[in-house]
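The values are calculated or read from the model by the stated rules, or taken from the named source; none is laboratory data. What you see is a predicted model; the values in this text were computed from it and never measured. Note that we place each Cβ from the backbone using ideal geometry, even for glycine, and neighbour counts take in every protein chain shown.
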Amino acid sequence: MQKKYKYSEERRQNISEGTIKAMADPQIRKKMRLAKLGKTSPRKGKKHTEEAKRKMRKSSKGQVAWNKGRTDLPSPSQETIQKRRLKMLAEKNPSWAADKIGYGGVHNWIAKKYGVADCCENKQCSKKSITFEWANISGKYRRDRKDFMKLCRSCHRKFDRGSLSLAVIKG
Ligand SMILES: [Zn+2]
């Protein structure tokens with residue numbers, strides 16, 4: 001069963017507040033990052049037991065994430081978000097990701113040359129999606145800016161499915 005609490009409720013509250021304050025301080029975050037940089041995680045190669053996982057799930061259920069609703073914390077850049085997304089996609093379906101989005105190849109080329117897509121060129125865009133991607137127009141992936149356009153994820157999917165035509169996009 002659960003261990004007895006080591007700290008009093010008040011002490012716990014103190015630690016919690018201190019941690020939240022420290023996390024909001026860019027200086028402290030930088031220090032922590034530098035201190036950990038280049039070191040192997042103490043958890044590397046270790047796996048939580050099923051029992052431990054079950055406990056973590058149970059104790060975090062219904063808990064509000066520490067960063068929820070906080071607008072004072074540094075948020076990841078558009079580029080970081082994009083990178084994380086690609087990584088997740090690649091983990092789920094490596095060949096699709098390599099094929100569609102391209103690690104290396106022409107998609108990398110366009111992002112390198114013209115930057116991360118940051119808007120949707122569809123004139124009729126519903127503006128609901130805030131994730132933007134380079135979409136290839138001809139399907140031939142030519143190394144040509146004219147063969148690419150910036151689309152939000154929603155318009156990109158529609159374009160790839162064929163339910164959104166180039167004529168509509170270009171208005
Ligand atoms: Zn759009």
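Identify all residues within the range 40-66 that are in a loop (DSSP other than H, G, I, E, B) and not small (Gly, Ala, Ser); write none if there are none. Full working, then the answer.
Narrowing the range 40-66 to residues in a loop (DSSP other than H, G, I, E, B): 40-49, 61-66.
Result: Thr40, Pro42, Arg43, Lys44, Lys46, Lys47, His48, Thr49, Lys61, Gln63, Val64, Trp66.
What residue, of Lys87, Lys92, is within 30 Å of Asn108 (Cβ to Cβ), surrounded by 11 or more Cβ atoms within 10 Å (Cβ to Cβ) and modelled with pLDDT under 80? If you could, list the steps in order and put the result at the bottom.
Numbers: Lys92 fails: surrounded by 11 or more Cβ atoms within 10 Å (Cβ to Cβ).
Residue meeting the stated conditions: Lys87.
Just give me the residues in the range 28-64 being of a type in the set (A, V, I, L, M) and within 29 Å of Val116 (Cα to Cα), in sequence order. Talk me through it step by step, then tell me what you get.
Initially, the range 28-64 is screened for residues of a type in the set (A, V, I, L, M), giving 28, 32, 34-35, 37, 52, 56, 64.
Result: Met32, Leu34, Leu37.
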Do you know which of the residues in the range 126-171 that are charged (D, E, K, R), closer than 19 Å to Trp109 by Cβ and within 12 Å of the ligand (Cβ to nearest atom) is surrounded by the most Cβ atoms within 10 Å (Cβ to Cβ)? Glu133
Every residue in the range 113-125 that is more than 10 Å from the ligand (Cβ to nearest atom) and surrounded by fewer than 21 Cβ atoms within 10 Å (Cβ to Cβ), please. Lys113, Tyr114, Gly115, Val116, Asp118
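I'm trying to understand the selection: among the residues of the range 131-157, which are in a helix (DSSP H, G or I) and either within 24 Å of Lys83 (Cβ to Cβ) or in contact (Cβ under 8 Å) with a residue 60 or more places away in the chain (or both)?
Taking the range 131-157 and keeping what is in a helix (DSSP H, G or I), we get 145-147, 153-157.
The answer is Arg145, Asp147, Arg153, Ser154, Cys155, His156, Arg157.
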What number of residues in the range 27-58 are surrounded by 10 or more Cβ atoms within 10 Å (Cβ to Cβ) and either within 27 Å of Pro74 (Cα to Cα) or among the aliphatic types (A, V, I, L, M) (or both)? 8
